[in-house]
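S.K.: Here it is, the structure in full.
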Amino acid sequence: MAERRLSPHRLGLIAAAVLVVTMMALQMRWDWLLDYRDAILGGLWLTLVLLVTTSVAGFLLAIPLGLVQVTGPRPLAWLARGFCTLIRGTPLLLQIWLLYYGLGSLFPYLPGVRGSWLWPYLIEAWPYAFVALTLSFAGYEGEVMRGGFAGVPKGELEAARSLGMHPLTILRRIWLPRAVQRVLPTLNGELIIQLKATPLVATIAAVDTYAVFGRIRQETYMVYEPLLLMALIYLILAGLITLAFGTLERTWSRRSAGD
Amino acid sequence: MSNASTTTASRGDAVIEVENLHKAYGDARVLKGIDLSAGREDVVALIGSSGSGKSTLLRCLNLLETPTSGSLRLLGEAIPFRGQGARRETADRRQLRRLRARLGMVFQGFNLWPHMTLEANIMEAPIQVLKRSRAEARDEAGALLERVGLYHLRKAYPTTLSGGQQQRGAIARALAMGPEALLFDEPTSALDPELVGEVLSVMRDLAKEGRTMIIVTHEMAFAADVADRVVFLDQGEIAEQGAPEQVFGAPTAQRLQRFLGSVSPSQGE
């Protein structure tokens, strides 16, 4: 392991990275960082919250979306397939705008909405961002989970049935864990795509990482420094996701390497 | 219903009773009117060439396949059906789960759950279905693993085990439910020849202790050795059945004579 980490091409890459970072630190302006520290942290927070909540909620929706496509009944399977096709076939930006500018502008005219407890949330941008990103993730992962469920060997489920297990127990204890295990590598990539989809919410005035750096560029007239730092932030987040999934896969998937 | 062995009848209640059972997939008729019964402590071997319907028949016995027509009694209870053709299904799913819990099944492909340790595989159904405590289930699993010679591998994951070890684990998993009958679907067909013996010896012990067993097998020597009754299936029909000495020693049906001539003497044991 140690030798592989320090192979010549890796040493070269490390040297190049050190050089680039040093040049960036010495040649570029970073004095604005202090002024915008809180804004950047705030944006990063919204990005993380959106990423985590929408992928968790989206994945929970994806489980039934994938399952009914495998088990039926047929009308439900068609509905689920239709939903996934619709979500995957249209731009996420369009979905966000349809929800925010379309649905969002209808709400004030619906009787009773203005007085309800929901109203304070309906005038914010983030609930629309949350719903749009959740539905999008559900659409893509519904398709992934369909494949995951369908790919679990039938015999493993028959063994569970032959022991008198209830269908819901089989789903919870055998089918779902095995399906998730199979789609883990795909989920890793999908989560990174979801991370990189979050900047779209800046178009409906939600202040995420991307929106904060847009503001910095407008106010400071700098081009490269904010963009480079933003790229670094997204790169680190994506790296953390891959690292987490790597650990998950090693501890979890390795056991069934044989299939 | 012909029952060749007189000892079988004296053993009392039928555990499994099948009458005029048919199974078709579309136009393909796989089973054409099977009558079969197994009493307590019976060991029945189902033999026949591939495509004869013997695995389908076994899978009908715990309703992994739904018969197209015919009647089925499991552990003394009649199984009600509803619907027609491909949509036909058991009418009482709760009854079916209750009965399945009392009928163990061992598959050709082992079908252990790869995301659980061997021990957890065996504990799973007792905990989830019989509502045993974890401690209780673990003790029982330990005893069963001891019995099939796998106690030292209880924390291993199935994919790290040999086929023979996996199949012995799968037998332990079926035994953990305390089943009143065991169904074996070609339990040694997926094994390397040198691993067949260890699985057959576990099954032989089970037969000796008076378990009710229905075994679909290609191991003729094993069938002759442990079975009380051998049933020969050909093209979806029972062509001959009787005590092993009679079926193997003096086969009357021509189809059976041809079949026995085509299978090489078993390598088992």
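S.K.: Would you kindly derive the ³J(HN,Hα) couplings of region B:90-102 from the backbone phi angles with the Karplus curve 6.51 cos²θ - 1.76 cosθ + 1.60 (θ = phi - 60°), listing them in order in whole Hz, with x for Gly and Pro?
M.R.: 5, 7, 10, 5, 5, 4, 4, 4, 4, 6, 4, 5, 9
S.K.: With θ taken as phi - 60° and the coefficients 6.51, -1.76 and 1.60, list the Karplus ³J(HN,Hα) couplings across region B:188-194 in order, rounded to whole Hz; mark glycine and proline as x.
M.R.: Running phi through 6.51 cos²θ - 1.76 cosθ + 1.60 with θ = phi - 60° gives 10, 5, 9, 9, 5, x, 6 Hz.
S.K.: Per residue of A:148-160, count partner chain C-beta atoms within 10 Å of its C-beta, then hand back the mean as an integer.
M.R.: Mean inter-chain Cβ contacts per residue within 10 Å come to 4.
S.K.: If you place +1 on the Cβ of every Lys and Arg, -1 on the Cβ of every Asp and Glu, and leave all else neutral, what size is the dipole of region B:1-142 about its Cα centre, to the nearest 20 Debye?
M.R.: Charge dipole of region B:1-142: 440 debye, to the nearest 20.
S.K.: Averaged across B:61-72, how many Cβ atoms of other chains sit within 10 Å of each residue's Cβ atom?
M.R.: Across the residues of B:61-72, the mean count of other-chain Cβ atoms within 10 Å is 1.
S.K.: A follow-up question, please. Need one word for region B:6-112: rounded, prolate or oblate. Basis is the Cα gyration tensor (sqrt eigenvalues a ≥ b ≥ c); a/c below 1.5 gives rounded, then a/b vs b/c decides.
M.R.: rounded
S.K.: Per-residue mean of other chain beta-carbon atoms within 10 angstrom of the beta-carbon, peptide B:101-111?
M.R.: Mean partner-chain Cβ count within 10 Å for B:101-111: 4.
S.K.: With a ≥ b ≥ c the root eigenvalues of the C-alpha gyration tensor of the protein assembly as shown, is it rounded (a/c under 1.5), prolate (a/b larger than b/c) or oblate?
M.R.: Prolate, since a/c reaches 1.5 and a/b exceeds b/c.
S.K.: Can you give me the distance in nm between label points at B:Arg258 and A:Ala39, each placed 7 Å from the Cα along the Cα-to-Cβ direction?
M.R.: It is 8.8 nm.
S.K.: Another question, then. With the crude spin-label approximation of a point 7 Å out along Cα→Cβ, what separation in nm comes out for A:Leu86 versus A:Gln218?
M.R.: So the two model labels end up 3.4 nm from each other.
S.K.: Near B:Lys54, which lysines are there with a Cα under 19 Å away, not counting those fewer than 8 places off in the same chain?
M.R.: Excluding near neighbours in sequence, the set is B:Lys23, B:Lys32.
S.K.: Between B:Arg134 and B:Leu75, what is the label-point separation in nm under the 7 Å Cα-to-beta-carbon projection?
M.R.: Output for this residue pair reads 2.8 nm.
S.K.: Report the trypsin sites (Lys or Arg not before Pro) located in region B:152-251 that are in a DSSP loop and have at most 15 other Cβ atoms inside 10 Å of their Cβ, or state none.
M.R.: Those that pass, being in a loop and sparsely packed, are B:Lys155.
S.K.: If you don't mind, there's one more thing I want to ask. Which one of A:Gly147, A:Gly112, A:Gly42 has the biggest mean-square fluctuation once chain A is modelled by GNM with Cα springs under 10 Å?
M.R.: Result: A:Gly112 has the largest fluctuation of those listed.
S.K.: Rounded, prolate or oblate: which fits chain B, taking a ≥ b ≥ c as square roots of the Cα gyration tensor eigenvalues, rounded meaning a/c under 1.5, else prolate when a/b beats b/c?
M.R.: Note, shape of chain B comes out oblate.
S.K.: Let's test the formula: R0 of 60 Å, r as the Cβ-Cβ distance of B:Arg102 and A:Leu228. What FRET efficiency results, to the nearest 0.05?
M.R.: About 0.30, to the nearest 0.05.
S.K.: Below 8 Å between Cα atoms, with a sequence gap of 6+, how large is the relative contact order for chain B in percent?
M.R.: With pairs under 8 Å counted, the relative contact order is 25 percent.
S.K.: Please report B:Met213, B:Met116 as a ranked list, fewest other C-beta atoms within 10 angstrom at the top and most at the bottom.
M.R.: Starting with the residue having the fewest Cβ neighbours, the order is B:Met116, B:Met213.
S.K.: Let me ask something else. Bin width 5 Å, alpha-carbon pairs only: give the P(r) of region A:49-252 as whole percents, running from 0 to the bin holding the largest distance.
M.R.: The distribution over region A:49-252 is 1, 7, 12, 15, 16, 14, 12, 9, 7, 4, 2, 1, 0, 0, given as percents.
S.K.: Give the whole-number value, in cubic angstrom per residue, of the convex hull volume spanned by the C-alpha atoms of region B:89-143.
M.R.: Convex hull volume per residue, Cα atoms: 111 Å³.
S.K.: Using amide H atoms built 1.01 Å from N in the peptide plane, name the residues 5+ places from B:Gly33, or on other chains, whose amide H lies under 5 Å from its own.
M.R.: B:Leu21, B:His22, B:Lys23
S.K.: Counting DSSP beta bridges with both partners in chain B, what percentage is antiparallel, nearest 5?
M.R.: For chain B, the DSSP antiparallel bridge percentage is about 60.
S.K.: Kindly rank A:151-161, A:96-106, A:28-38 from highest to lowest mean number of other beta carbons found within 10 Å of each residue.
M.R.: Ranking the peptides A:151-161, A:96-106, A:28-38 by packing returns A:151-161, A:96-106, A:28-38.
No lab work stands behind these numbers, since they all come straight from the coordinates. Just so it is clear, the model here is predicted, and its values are computed rather than measured. In this analysis, Cβ positions are derived from the backbone assuming ideal geometry, glycine residues included, and neighbour counts consider all displayed protein chains.
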